[in-house]
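Have a look at the structure below before the remarks.
Any read-out appearing in this document is the output of simple, stated calculations on the displayed coordinates, not a laboratory observation. These numbers were taken from a predicted model, which means no experiment stands behind them. Note: ideal-geometry Cβ built from the backbone for every residue, glycine included; neighbour counts use all protein chains shown.
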């Protein structure tokens, strides 16, 4: 017998789908190696570059918003 | 104090009624049952749209009476409370928690101390906004139309078309929610509705971010939304930007669950319901939904199958059209252009309408018209767009004012995404943000209009925080301290901004006294309300018409519509001409000092008419008003004889 073509969307209930996904996650966790959830660290220079950018942006923003730049005609 | 309490009670009633209207809808669709937060947020959002549709139906039928609205509201609120009790009992019995079962965080949840700190900072910002929202409204746009139009609709009991108001044919669902609050209490309750929508935006952001980040980190997204200066400022005034952001966020949340989580196809319909709500609030929703459609098509083109998604999208579009359609049909009926006044030259063949044609006018935002302006060449637009995040952060006054600003958090943090790993769904969110941002920059670069993508940007910010664990200890501590300082300032802004509103919020100062001190048009309105009959009609240079009981037409719109100043054969005929147009009085407004500017056409004509035919104009009252920013305005109320 030829199986009928499936035209309707999956009728499985909402909770069944959630349980299926949760089960897949559990199996995936079992198959993953020890320490696989420990991501590689970011290079030190990249991290400091990010800090430098954030500090620079915050400093300029603080100067502009506090009115210091306007008072001294810096910007 | 009692007045503030009653306004808060009105907000609670409206929230309960919205839940009562939305809960059966969400239950009938069989969606959003996984956890209390998702159920509650989707229900209240869906109920608000249902209420907006119902109020619009009452308006089209000419049934906008306080008694009708009051009875229906109380019935819906009691039903909502019963629904809430039933839901709480069911959750207690099945021991469901706030944590959705399928939401798994990509890394360990944040430490309890971090969560608590963020909660208290967000609570501080929300409390500061609440104090400000408990003072009577004084925001320019609110008094010009967000509250003025619903007040007029309520007085006329119908959704009347006002030819001398550019905004009366806009999509006005948020304004109908304000009408709801005006009918139950007054303008402060209407303002509190927008404050409540700010809270709903934060919760909707948590619902949106949960499938990507897990619920614990999604709460950090919610806190970040509330700590954005733009949001805490918007929550203090009855505008419509937060309202459209709420509906756009809920639409995307439902759409994500329909398309990528494959939970149930009926999420498509819910997404359409919210998309229709967003389109019925503000035109910018079109940009957001178009960006979402484009990014979805790009995503499913890679992954397939596309047919189910396209069918779902068609269903959602149909529902959205049913929700927002009446507003666009109404605009087309009255003006010949469904999106009036945008693209007026293309769609109705009329002259290009320079939106709010008088830049710098006391209450007119300095928006650019959508059509008829020079368009930047693509390379220039790309360069300008790339530089604009810096510009809108450092110079927000060029993009709508310092009050409406994103703050430094996004510019300082989001470049960290370059060092982050890929997160399922984040590219989808950021692609929508990027497309919307480019369209926003090309069309209407006002920071307020970025609110719909704020939850998406906050999701990116929180993912960067989550990835900090990959940084070496030194940089991580530096970034942690810097971010804590930014958030601390973000939390302090709202209470500091509300420092002069404590007395009125707590009832120490009366609302009348507060308005006389802070709102210049209130004194002129007090004269007019005392001296004029309800059926009189004022032609006014002051656009803030909410506190006037009589009908008030904006002089700049009337002049643009009729060219009365050019058709006047002699200044002596001014009174006769304006009386022929139905006006009984003039309200002349002039800026004596400060940055305020009024177009002087009517003042000049009135002065000339007074010198030629002094018997035709009678000055009933005149005074100078100093507002709380130090600007001095002179008002004259003149009777046409």
Two-site label geometry, residue B:5 and residue B:329: point separation in nm, points 7 Å out along Cα→Cβ: 4.6
Convex hull volume per residue in cubic angstrom - Cα atoms of the range B:115-252: 104
Over the protein assembly as shown, the sum of -39500 (n - 2.57) across DSSP H runs of at least four, divided by residue number and rounded to 500 deg cm²/dmol, gives at 222 nm -20000 deg cm²/dmol
Looking only at other chains, what is the average number of their beta-carbon atoms within 10 angstrom of each beta-carbon in A:44-50? 6
Kindly provide the Kirkwood hydrodynamic radius of the range B:1-93 in Å, to one decimal, from all pairs of distinct alpha carbon atoms. 13.9
Between helix B:601-612 and chain B: long-axis angle, C-alpha atoms, 0 to 90°, nearest 10: 10
Can you pull the mean other chain C-beta count within 10 Å for peptide A:53-62? 6
Cα Rg, Dmax, the range B:212-264, angstrom units: 13.5, 39
I'd like the antiparallel share, as a percent to the nearest 5, of DSSP beta bridges with both residues in the protein assembly as shown. 70
For residue B:28 and residue B:301, what does the FRET efficiency come to when R0 = 30 Å and r is the distance between their Cβ atoms, rounded to the nearest 0.05? 0.35
Note the angle between two axes, namely the Cα long axis of helix B:112-133 and the longest principal axis of the Cα atoms of chain B, as a number of degrees from 0 to 90, rounded to the nearest 10. 10
Which whole-number percentage describes the relative contact order of chain B, with Cα contacts under 8 Å and a sequence gap of 6 or more? 15
Once residue B:434 and residue B:615 are pulled to full extension, the length gained, defined as 0.36 nm per residue separation minus their Cα-Cα distance, is 59.0 nm
Grab the eigenvalues of the alpha-carbon gyration tensor for the range B:413-549, scale each by 5, take roots, and send me the semi-axes largest first in whole angstrom. 48, 23, 10
Chain B - convex hull of the alpha-carbon atoms, volume per residue in Å³: 160
Only bridges whose two residues both fall in chain B count here: according to DSSP, what percent of them are antiparallel, nearest 5? 70
Going highest first, how would you order B:467-479, B:441-453, B:584-596 by mean Cβ packing within 10 Å? B:441-453, B:584-596, B:467-479
Each label point is 7 Å from the Cα along the Cα-to-Cβ direction; what then is the distance between the points at residue B:322 and residue A:55, in nm? 5.9
With each pseudo-label sitting 7 Å past Cα toward Cβ, what's the residue B:381-residue B:473 distance in nm, one decimal? 5.1
Taking 0.36 nm per residue of separation and subtracting the Cα-Cα distance, what length does fully extending residue B:561 through residue B:500 add? 17.9 nm
Taking the Cα centre of each part, how many Å lie between the range B:390-469 and the range B:584-641? 44
What ranking do B:136-144, B:196-204, B:401-409, B:483-491 get when scored by the average of other Cβ atoms within 10 Å per residue, highest first? B:196-204, B:136-144, B:401-409, B:483-491
Given the convex hull over the Cα atoms of the protein assembly as shown, what projected area results after averaging over all orientations, in nm²? 36.2
Most to least packed among B:496-508, B:155-167 [average Cβ atoms within 10 Å]: B:155-167, B:496-508
Within 10 Å of each Cβ in peptide B:415-423, how many partner chain Cβ atoms are there on average? Round it to a whole number, please. 3
With R₀ set to 60 angstrom, the calculated FRET efficiency between the beta-carbons of residue B:481 and residue B:311, to the nearest 0.05, is 0.75
Extension reserve of the residue B:261-residue B:61 stretch, reckoned as 0.36 nm per residue once the Cα distance is removed: 67.9 nm
Give the angle, between 0 and 90 degrees and rounded to the nearest 10, that separates the Cα long axis of helix B:266-279 from the longest principal axis of the Cα atoms of chain B. 30
